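This report concerns only the one structure given below.
The values are calculated or read from the model by the stated rules, or taken from the named source; none is laboratory data. Quick caveat: nothing in here was measured; it's all calculated off a predicted structure. Reconstructed Cβ throughout: ideal geometry from the backbone, glycine too, with neighbour counts over all protein chains shown. Heavy atoms of the whole protein, side chains included, go into the accessibility calculation; ligands, DNA and RNA do not. Shrake-Rupley method; radii C 1.70, N 1.55, O 1.52, S 1.80 Å.
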Amino acid sequence: MISKNLYEHPAQPRAHKKPTVLNTFKRDHQLWIMIFPAIVVIFIFNYIPMYGIQLAFRDYDFSKGLTGGAWRGLFYFRQFFDSYMFADLMKNTVAISLATVILSFPAPIILALLINQVRWKRAKKTLQTTVYLPHFISIVVMVGLLNVLLSPNSGVIGHILSSVGLGDVNLLGSTGTFVPVYVLSEIWQHCGWNSIIYLAALSTVDPQLYDSSKIDGASRWQTIKHVDIPALIPTIIILFVLSMGNVLSTGFEKVFLMQNALNLPVSEVIATYVYKIGIISNQFSYSAAIGLFNTVINFVFLYAMNMIARKSSDISLW
(Lines give C-alpha, C1' and ligand atoms only; values in the text may rest on other atoms or scores of the structure.)
Protein backbone atom coordinates (compact mmCIF):
# COMPACT_ATOMS: atom_id res chain seq x y z
CA MET A 1 0.00 0.00 0.00
CA ILE A 2 1.01 3.52 -0.75
CA SER A 3 1.47 5.49 2.34
CA LYS A 4 -1.16 8.08 3.01
CA ASN A 5 1.54 10.61 3.80
CA LEU A 6 2.54 10.74 0.12
CA TYR A 7 -0.74 12.43 -0.71
CA GLU A 8 -0.39 15.05 1.99
CA HIS A 9 0.99 18.49 1.22
CA PRO A 10 4.52 19.02 2.42
CA ALA A 11 4.80 20.91 5.66
CA GLN A 12 5.11 24.64 5.14
CA PRO A 13 8.12 26.32 6.77
CA ARG A 14 7.21 28.26 9.86
CA ALA A 15 7.38 31.99 9.48
CA HIS A 16 9.82 33.63 11.84
CA LYS A 17 8.05 35.89 14.25
CA LYS A 18 9.42 39.35 14.76
CA PRO A 19 10.84 39.70 18.25
CA THR A 20 8.55 41.67 20.53
CA VAL A 21 9.73 44.20 23.08
CA LEU A 22 9.05 41.73 25.89
CA ASN A 23 11.05 38.98 24.20
CA THR A 24 13.91 41.40 23.64
CA PHE A 25 13.94 42.28 27.34
CA LYS A 26 13.95 38.61 28.31
CA ARG A 27 16.69 37.71 25.86
CA ASP A 28 19.02 40.64 26.62
CA HIS A 29 18.04 41.48 30.19
CA GLN A 30 21.68 41.68 31.32
CA LEU A 31 22.42 44.35 28.73
CA TRP A 32 19.26 46.29 29.64
CA ILE A 33 20.19 46.21 33.33
CA MET A 34 23.67 47.47 32.49
CA ILE A 35 22.37 50.37 30.38
CA PHE A 36 19.47 51.26 32.70
CA PRO A 37 21.42 53.86 34.78
CA ALA A 38 22.43 55.68 31.58
CA ILE A 39 18.79 55.69 30.41
CA VAL A 40 17.71 57.18 33.74
CA VAL A 41 20.37 59.92 33.56
CA ILE A 42 19.42 60.82 29.98
CA PHE A 43 15.72 60.87 30.87
CA ILE A 44 16.26 63.14 33.87
CA PHE A 45 18.70 65.61 32.32
CA ASN A 46 17.63 65.54 28.65
CA TYR A 47 13.93 64.71 28.43
CA ILE A 48 12.40 66.22 31.56
CA PRO A 49 13.93 69.68 30.82
CA MET A 50 12.04 69.64 27.47
CA TYR A 51 9.09 70.78 29.54
CA GLY A 52 10.70 74.22 29.43
CA ILE A 53 10.57 74.41 25.62
CA GLN A 54 7.22 76.18 25.95
CA LEU A 55 9.14 79.14 27.37
CA ALA A 56 10.06 80.02 23.76
CA PHE A 57 6.37 80.59 23.04
CA ARG A 58 5.43 82.49 26.23
CA ASP A 59 6.32 85.66 28.09
CA TYR A 60 8.30 84.49 31.11
CA ASP A 61 6.99 85.79 34.41
CA PHE A 62 8.97 85.10 37.60
CA SER A 63 5.83 85.14 39.71
CA LYS A 64 3.83 82.76 37.46
CA GLY A 65 6.51 80.24 36.49
CA LEU A 66 7.06 78.57 33.13
CA THR A 67 3.40 78.07 32.26
CA GLY A 68 1.94 81.25 33.70
CA GLY A 69 3.08 83.79 31.15
CA ALA A 70 1.01 85.02 28.24
CA TRP A 71 1.12 82.93 25.06
CA ARG A 72 3.10 84.75 22.33
CA GLY A 73 3.34 82.05 19.66
CA LEU A 74 6.16 82.66 17.18
CA PHE A 75 6.75 86.25 18.27
CA TYR A 76 10.25 85.67 19.63
CA PHE A 77 11.27 83.64 16.59
CA ARG A 78 10.23 86.49 14.29
CA GLN A 79 12.07 88.91 16.56
CA PHE A 80 15.25 86.90 16.11
CA PHE A 81 14.83 86.58 12.33
CA ASP A 82 14.27 90.33 12.04
CA SER A 83 17.18 91.19 14.33
CA TYR A 84 20.22 92.92 12.84
CA MET A 85 22.35 90.24 14.57
CA PHE A 86 20.70 87.30 12.79
CA ALA A 87 22.84 87.35 9.62
CA ASP A 88 26.12 87.85 11.49
CA LEU A 89 25.33 85.14 14.04
CA MET A 90 24.43 82.61 11.36
CA LYS A 91 27.49 83.51 9.26
CA ASN A 92 29.91 83.23 12.21
CA THR A 93 28.35 80.03 13.55
CA VAL A 94 28.29 78.30 10.16
CA ALA A 95 31.84 79.45 9.34
CA ILE A 96 33.31 78.08 12.57
CA SER A 97 31.24 74.86 12.42
CA LEU A 98 32.05 74.08 8.78
CA ALA A 99 35.74 74.84 9.26
CA THR A 100 35.78 72.56 12.31
CA VAL A 101 34.01 69.72 10.47
CA ILE A 102 36.04 70.01 7.26
CA LEU A 103 39.44 70.17 8.99
CA SER A 104 39.00 68.36 12.30
CA PHE A 105 36.85 65.43 11.13
CA PRO A 106 39.46 63.83 8.80
CA ALA A 107 42.36 64.59 11.19
CA PRO A 108 41.74 61.66 13.62
CA ILE A 109 41.21 59.32 10.67
CA ILE A 110 44.60 60.22 9.23
CA LEU A 111 46.21 59.98 12.67
CA ALA A 112 44.70 56.53 13.28
CA LEU A 113 45.97 55.30 9.91
CA LEU A 114 49.46 56.57 10.70
CA ILE A 115 49.52 55.09 14.21
CA ASN A 116 48.31 51.78 12.83
CA GLN A 117 51.40 51.65 10.60
CA VAL A 118 53.75 51.76 13.60
CA ARG A 119 54.92 48.18 14.21
CA TRP A 120 57.10 48.73 17.29
CA LYS A 121 54.64 48.23 20.15
CA ARG A 122 56.47 50.38 22.72
CA ALA A 123 56.76 53.31 20.33
CA LYS A 124 53.11 52.86 19.34
CA LYS A 125 51.92 52.97 22.96
CA THR A 126 54.07 56.01 23.70
CA LEU A 127 52.74 57.81 20.64
CA GLN A 128 49.13 57.00 21.55
CA THR A 129 49.56 58.24 25.12
CA THR A 130 51.18 61.45 23.87
CA VAL A 131 48.39 62.33 21.46
CA TYR A 132 45.65 61.43 23.99
CA LEU A 133 46.92 63.74 26.76
CA PRO A 134 45.81 67.14 25.33
CA HIS A 135 42.18 65.97 25.48
CA PHE A 136 42.32 66.05 29.29
CA ILE A 137 43.42 69.69 29.43
CA SER A 138 40.49 71.82 30.58
CA ILE A 139 39.15 74.44 28.20
CA VAL A 140 40.10 77.24 30.63
CA VAL A 141 43.70 76.05 30.75
CA MET A 142 43.72 75.56 26.98
CA VAL A 143 42.61 79.13 26.30
CA GLY A 144 45.12 80.34 28.89
CA LEU A 145 47.89 78.55 26.98
CA LEU A 146 46.72 80.18 23.75
CA ASN A 147 46.82 83.62 25.38
CA VAL A 148 50.33 83.00 26.70
CA LEU A 149 51.75 81.49 23.52
CA LEU A 150 50.09 83.84 21.04
CA SER A 151 50.61 87.11 22.90
CA PRO A 152 52.27 89.61 20.51
CA ASN A 153 54.42 90.99 23.33
CA SER A 154 55.43 88.02 25.50
CA GLY A 155 54.28 84.92 23.63
CA VAL A 156 56.71 82.46 22.06
CA ILE A 157 54.81 82.33 18.77
CA GLY A 158 54.45 86.12 18.83
CA HIS A 159 58.24 86.51 19.11
CA ILE A 160 58.78 84.01 16.29
CA LEU A 161 56.44 85.94 14.01
CA SER A 162 58.19 89.19 14.89
CA SER A 163 61.62 87.68 14.21
CA VAL A 164 60.64 86.63 10.67
CA GLY A 165 59.49 90.15 9.87
CA LEU A 166 55.70 89.81 10.32
CA GLY A 167 55.59 92.42 13.06
CA ASP A 168 53.45 92.32 16.19
CA VAL A 169 50.62 90.05 15.07
CA ASN A 170 47.82 89.60 17.59
CA LEU A 171 46.43 86.24 16.47
CA LEU A 172 43.68 86.22 19.10
CA GLY A 173 42.71 89.83 18.42
CA SER A 174 42.47 89.63 14.66
CA THR A 175 39.23 88.87 12.85
CA GLY A 176 41.18 87.10 10.12
CA THR A 177 43.00 84.65 12.41
CA PHE A 178 40.39 83.85 15.07
CA VAL A 179 38.78 80.96 13.15
CA PRO A 180 42.10 79.31 12.14
CA VAL A 181 43.39 79.55 15.73
CA TYR A 182 40.14 78.09 17.07
CA VAL A 183 40.07 75.18 14.59
CA LEU A 184 43.78 74.31 14.80
CA SER A 185 43.74 74.33 18.60
CA GLU A 186 40.61 72.16 18.50
CA ILE A 187 42.40 69.66 16.26
CA TRP A 188 45.49 69.63 18.47
CA GLN A 189 43.45 69.04 21.62
CA HIS A 190 40.98 66.40 20.44
CA CYS A 191 42.51 64.74 17.39
CA GLY A 192 44.28 62.03 19.39
CA TRP A 193 41.29 61.20 21.56
CA ASN A 194 38.93 61.03 18.60
CA SER A 195 41.27 58.61 16.84
CA ILE A 196 40.59 55.91 19.47
CA ILE A 197 37.40 54.70 17.82
CA TYR A 198 39.13 54.46 14.44
CA LEU A 199 42.01 52.53 15.96
CA ALA A 200 39.45 50.17 17.50
CA ALA A 201 37.90 49.66 14.06
CA LEU A 202 41.33 48.96 12.56
CA SER A 203 42.06 46.40 15.27
CA THR A 204 39.19 44.26 13.93
CA VAL A 205 40.80 43.89 10.48
CA ASP A 206 41.75 40.27 9.77
CA PRO A 207 45.59 39.97 9.94
CA GLN A 208 45.41 37.61 6.97
CA LEU A 209 44.47 40.58 4.80
CA TYR A 210 47.77 42.27 5.68
CA ASP A 211 49.66 39.04 5.00
CA SER A 212 47.93 38.68 1.66
CA SER A 213 48.79 42.25 0.69
CA LYS A 214 52.46 41.61 1.54
CA ILE A 215 52.49 38.46 -0.58
CA ASP A 216 50.95 40.40 -3.47
CA GLY A 217 53.70 43.00 -3.15
CA ALA A 218 51.44 45.85 -2.01
CA SER A 219 53.13 48.95 -0.64
CA ARG A 220 52.05 50.57 2.64
CA TRP A 221 49.97 53.14 0.79
CA GLN A 222 48.24 50.40 -1.21
CA THR A 223 47.56 48.49 2.00
CA ILE A 224 46.03 51.58 3.59
CA LYS A 225 43.96 52.28 0.48
CA HIS A 226 42.61 48.77 -0.10
CA VAL A 227 42.53 47.28 3.43
CA ASP A 228 42.46 49.95 6.16
CA ILE A 229 40.22 52.61 4.60
CA PRO A 230 37.44 50.15 3.55
CA ALA A 231 37.42 48.84 7.12
CA LEU A 232 36.88 52.39 8.42
CA ILE A 233 34.08 53.38 6.03
CA PRO A 234 31.13 52.29 8.27
CA THR A 235 32.62 54.05 11.30
CA ILE A 236 33.38 57.18 9.28
CA ILE A 237 29.81 57.37 7.97
CA ILE A 238 28.21 56.93 11.41
CA LEU A 239 30.44 59.51 13.07
CA PHE A 240 29.98 61.98 10.22
CA VAL A 241 26.20 61.66 10.51
CA LEU A 242 26.47 62.29 14.26
CA SER A 243 28.70 65.32 13.68
CA MET A 244 25.98 66.84 11.48
CA GLY A 245 23.78 66.96 14.58
CA ASN A 246 26.12 69.61 15.99
CA VAL A 247 26.61 71.64 12.84
CA LEU A 248 25.38 74.84 14.54
CA SER A 249 26.71 73.95 18.00
CA THR A 250 30.19 75.42 18.06
CA GLY A 251 30.60 74.98 21.80
CA PHE A 252 30.00 77.85 24.18
CA GLU A 253 32.94 77.65 26.59
CA LYS A 254 35.91 77.90 24.26
CA VAL A 255 34.44 80.55 21.97
CA PHE A 256 33.33 82.63 24.96
CA LEU A 257 36.75 82.44 26.63
CA MET A 258 38.55 83.35 23.39
CA GLN A 259 36.30 86.34 22.75
CA ASN A 260 37.53 89.89 23.12
CA ALA A 261 36.54 93.30 21.80
CA LEU A 262 38.81 92.94 18.77
CA ASN A 263 37.60 89.59 17.45
CA LEU A 264 33.94 89.97 18.44
CA PRO A 265 32.71 90.57 14.85
CA VAL A 266 33.68 86.97 13.93
CA SER A 267 33.51 85.26 17.33
CA GLU A 268 29.93 86.09 18.32
CA VAL A 269 28.02 82.86 17.66
CA ILE A 270 24.55 81.65 18.59
CA ALA A 271 25.70 79.96 21.82
CA THR A 272 27.42 83.06 23.22
CA TYR A 273 24.58 85.33 22.07
CA VAL A 274 22.02 83.15 23.87
CA TYR A 275 24.09 83.41 27.07
CA LYS A 276 24.33 87.19 26.86
CA ILE A 277 20.67 87.64 25.98
CA GLY A 278 19.28 85.06 28.42
CA ILE A 279 21.53 85.20 31.48
CA ILE A 280 22.97 88.70 31.38
CA SER A 281 20.00 90.57 29.88
CA ASN A 282 17.32 88.34 31.51
CA GLN A 283 15.42 87.89 28.22
CA PHE A 284 14.63 84.26 28.94
CA SER A 285 11.86 83.74 26.39
CA TYR A 286 13.88 85.32 23.60
CA SER A 287 16.97 83.25 24.38
CA ALA A 288 14.86 80.08 24.65
CA ALA A 289 13.45 80.73 21.17
CA ILE A 290 16.95 81.19 19.73
CA GLY A 291 18.17 78.02 21.42
CA LEU A 292 15.17 76.05 20.12
CA PHE A 293 15.79 77.35 16.61
CA ASN A 294 19.41 76.19 16.87
CA THR A 295 18.33 72.73 18.04
CA VAL A 296 15.76 72.32 15.26
CA ILE A 297 18.33 73.22 12.59
CA ASN A 298 20.78 70.68 14.05
CA PHE A 299 18.09 68.00 14.01
CA VAL A 300 17.20 68.77 10.39
CA PHE A 301 20.84 68.40 9.36
CA LEU A 302 21.14 65.15 11.33
CA TYR A 303 17.97 63.69 9.81
CA ALA A 304 18.88 64.74 6.26
CA MET A 305 22.41 63.35 6.48
CA ASN A 306 21.12 60.10 7.96
CA MET A 307 18.68 59.72 5.04
CA ILE A 308 21.48 60.39 2.54
CA ALA A 309 23.77 57.86 4.23
CA ARG A 310 21.03 55.22 4.30
CA LYS A 311 20.21 55.62 0.62
CA SER A 312 23.81 55.83 -0.61
CA SER A 313 25.56 53.25 1.57
CA ASP A 314 22.83 51.42 3.53
CA ILE A 315 24.54 52.57 6.74
CA SER A 316 22.55 54.82 9.08
CA LEU A 317 21.64 55.54 12.67
CA TRP A 318 18.07 54.38 12.25
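In table form, for the structure just shown:
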item: Selected from VAL141, ILE35, GLN189, residue furthest toward positive end of dipole (the chain; charges at beta carbon); result: ILE35
item: Among PRO49, PRO180, PRO230: highest mean-square fluctuation, GNM of the chain, C-alpha pairs under 10 Å; result: PRO49
item: Axial C-alpha extent at least 20 Å, average Kyte-Doolittle at least 1.0 - helices from the chain (DSSP); result: 86-104, 229-244
item: Two-site label geometry, TRP221 and PHE36: point separation in nm, points 7 Å out along Cα→Cβ; result: 5.6
item: Size-normalised alpha-carbon gyration radius of the range 50-181, reference 2.2 N^0.38 Å; result: 1.66
item: Contour excess over end-to-end distance, with Cα ends at THR204 and ASN147 and 0.36 nm allotted per residue; result: 16.4 nm
item: For the range 38-80, the fraction of alpha-carbon pairs in successive 10 Å shells from zero, as %; result: 28, 38, 26, 8
item: Equivalent-ellipsoid semi-axes of the range 226-318, from the Cα gyration tensor, Å, largest first; result: 34, 17, 8
item: Entries in LYS91/LYS225; LYS225/LYS254; LYS214/LYS311; LYS124/LYS225; LYS125/LYS225 that, when Cα-Cα distance is taken, lie over 26 Å; result: LYS91/LYS225; LYS225/LYS254; LYS214/LYS311
item: Average accessible surface area per residue within the chain, 1.4 Å rolling probe, Å²; result: 64
item: The range 212-281, accessible surface, carbon-and-sulfur percent (1.4 angstrom probe); result: 66
item: For ARG58, residues with placed amide H under 5 Å, excluding near neighbours; result: ARG72
item: Positive-end residue of LEU127, VAL296, ILE237, charge dipole of the chain with Cβ unit charges; result: ILE237
item: Packing-based ranking, highest mean first, of 29-41, 291-303 given that Cβ atoms within 10 Å are counted; result: 291-303, 29-41
item: For the chain, built as a Gaussian network whose Cα springs stay under 10 Å, the top-fluctuating residue of MET50, MET90, MET142; result: MET50
item: Student exercise, the range 57-141 dipole from Lys, Arg, Asp, Glu Cβ charges, in Debye to nearest 20; result: 720
item: ILE280-SER163 FRET efficiency (beta carbon distance; Förster radius 41 Å; 0.05 resolution); result: 0.50
item: Given charges at beta-carbon only (K, R positive; D, E negative), |dipole| of the range 176-266 in Debye; result: 160
item: Cα pair distances exceeding 27 angstrom across the chain, given as percent; result: 63
item: Normalised convex hull volume, the range 149-225, alpha-carbon set, Å³ per residue; result: 147
item: Among TYR84, TYR273, TYR60, residue whose mean-square fluctuation peaks in a GNM of the chain (springs only between Cα atoms under 10 Å); result: TYR84
item: Per-selection metrics, the range 76-126 (Cα): Rg and Dmax in Å; result: 20.5, 60
